[in-house]
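Below: one structure, written as structure tokens.
The values are calculated or read from the model by the stated rules, or taken from the named source; none is laboratory data. Note that the coordinates shown come from a computational prediction; the quantities given were computed from them, not determined experimentally. Here the Cβ is made from the backbone with ideal geometry for all residues, glycine too, and neighbour counts use every protein chain on show.
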Amino acid sequence: MTAIDESRRAGRRDRDGRTGWNVDPVLVLTLVLLAGFLLQGPVRRLLAMPVLQSWLTVFVAVVVQALPFLVVGVLLSAGLAVFVPPSFFARVLPKRPSVAVPVAGLAGAVLPGCECASVPVAGALVRGGVTPSAAVAFLLSAPAINPVVLTATAVAFPGQPRMVVARFAASLAASCVMGWLWQRLGRPDWLRLRARAHGHGEGDGEGDGEGKAEAFWGSVRHDVMHAGGFLVGGAMAAATLKAVVPPGWLYAAAGHPVVAVLALSVLAVLLSICSEADAFVASSLTQFSPTARLAFLVVGPMIDLKLFGMQAATFGRGFALRFAPVTFVVAAGTAVLTGAVLL
């Protein structure tokens with residue numbers, strides 16, 4: 001029995017009333033409306049506070065601007081994961097690993113994929129015969145330089161085309177450096193490939209259309225909920241930094257170039273925002289220099305908390321423990337160098 005059949009049977013049992021929780025939506029709505037009516041005075045006073053108004057303004061602005069790009073990115077990455085077989089990459093990539101690395105990195109510019117899709121797809125590439133160094137380059141570049149991400153960055157930083165160019169250059173450079181490092185220093189026993197992680201399908205070129213369509217929409221539903229949660233968390237953090245944290249603290253951190261880059265790099269790791277939405281959070285951190293915000297944009301799609309967990313699940317904990325700190329240093333370093341030249 002498949003998981004889908006079991007889920008359908010569970011749903012029928014719930015509807016028949018034999019098992020599960022039966023929640024009356026009308027009752028829930030009535031209780032919510034009653035609570036709102038009884039607490040309207042305190043709620044009005046709370047919403048009238050200048051700090052909360054500022055917080056809500058930043059929060060709503062970030063979410064509303066970023067959500068369309070997140071949805072488009074999820075649709076494209078789900079299609080890539082489900083419908084494109086890994087053997088396609090093995091056929092088109094050069095056989096020489098040193099040349100395959102930059103080609104795989106550039107493939108991220110034309111094959112959109114969010115972080116949630118890039119990890120299982122990279123695992124499928126290795127299983128499909130792609131050299132691990134090229135798979136590493138694609139793993140890091142796809143969420144960082146694809147058209148949706150670059151378009152979102154241009155919208156978030158209007159009139160600043162150099163930020164888009166800098167993000168593309170720094171992210172591509174970091175992905176290639178990590179691929180070449182793996183080619184030179186990586187060991188096969190560090191990779192312990194496991195089953196796909198976090199519900200993403202991997203296109204194998206087989207199966208009927210109905211099954212692939214079901215996998216596609218299941219992947220979309222999962223990623224919208226998963227990435228949407230991180231978007232809300234990132235928007236809340238950005239709003240809190242703008243409205244609650246004393247401006248003197250932010251300016252003190254932003255006033256030291258090294259501290260500013262480290263602070264936003266660590267923040268990118270902790271917030272774990274989807275790459276289609278992170279530019280809108282970065283653009284709101286106006287106290288920080290363009291280079292520090294570039295570091296936020298380069299580090300986040302390559303290493304954050306959710307990516308570490310997915311990489312450990314797909315490639316093994318030993319790989320993730322070695323890969324994450326080196327990626328953090330390389331991503332931050334390339335952002336600083338690129339920012340010094342372009343910004």
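Quick notes on this one:
- Filtered residue count, segment 86-110, keeping only those that are under 22 Å from residue 148 (Cβ atoms), surrounded by fewer than 19 Cβ atoms within 10 Å (Cβ to Cβ) and not aliphatic (A, V, I, L, M): 1
- Qualifying position, being under 14 Å from residue 305 (Cβ atoms), among the hydroxyl-bearing types (Ser, Thr, Tyr) and at pLDDT below 90, among 284, 265, 272: 272
- In the condition set (1) surrounded by 16 or more Cβ atoms within 10 Å (Cβ to Cβ); (2) among the aromatic types (Phe, Trp, Tyr); (3) over 19 Å from the mean Cα position of the chain (by Cα); (4) under 30 Å from residue 50 (Cα atoms), residue 251 is compliant with all but (1).
A quick yes/no check of all residues on (1) assigned to a helix (DSSP H, G or I); (2) modelled with pLDDT under 80; (3) within 19 Å of residue 182 (Cβ to Cβ); (4) basic (Lys, Arg):
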residue	(1), (2), (3), (4)
59	yes, yes, no, no
94	no, no, yes, no
101	yes, no, yes, no
106	yes, no, yes, no
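- Looking only at segment 255-283, and only at residues there that are of a type outside the set (Val, Ile, Thr) and surrounded by fewer than 20 Cβ atoms within 10 Å (Cβ to Cβ), the one that is nearest to residue 142 (Cα to Cα): 270
- Residues that are closer than 19 Å to residue 71 by Cβ and touching a residue at least 60 places away in the same chain (Cβ under 8 Å) do not occur anywhere in segment 237-255.
- Taking each residue of segment 141-153 that is under 16 Å from residue 62 (Cα atoms) and looking for partners that are assigned to a helix (DSSP H, G or I) and at pLDDT below 85 with beta-carbon atoms closer than 6 Å, six or more apart or interchain, yields 152/69.
- Test: residue 127 is surrounded by fewer than 17 Cβ atoms within 10 Å (Cβ to Cβ), among the basic types (Lys, Arg) and at pLDDT below 80: yes
- Any hit, segment 290-303, residues being farther than 21 Å from residue 169 by Cβ and either of a type in the set (S, T, N, Q) or touching a strand residue (DSSP E or B) at 6+ places or on another chain (Cβ under 8 Å) (or both): no
- Of all residues in segment 121-136, those that are under 13 Å from residue 92 (Cβ atoms) have Cβ atoms under 8 Å from Cβ atoms of residues that are β-branched (Val, Ile, Thr) and assigned to a helix (DSSP H, G or I), 6 or more apart or on another chain, in 134/101; 134/103.
- Lone unmet requirement of (1) at pLDDT 90 or above; (2) crowded, with 23+ Cβ neighbours inside 10 Å for residue 138: (1)
- Within segment 239-284, being over 18 Å from residue 157 (Cβ atoms) and in contact with a Lys or Arg (Cβ under 8 Å, 6 or more places away or on another chain) holds for one residue alone: 272.
Residue-wise test of (1) in contact with a strand residue (DSSP E or B) (Cβ under 7 Å, 6 or more places away or on another chain); (2) of a type in the set (Asp, Glu); (3) at pLDDT 90 or above.
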residue: 109; (1), (2), (3): no, no, no
residue: 122; (1), (2), (3): no, no, no
residue: 147; (1), (2), (3): no, no, no
residue: 151; (1), (2), (3): no, no, yes
residue: 176; (1), (2), (3): no, no, yes
residue: 204; (1), (2), (3): no, yes, no
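- On the stretch given as segment 284-308, residues that are farther than 19 Å from residue 141 by Cα and of a type in the set (Phe, Trp, Tyr) total 1.
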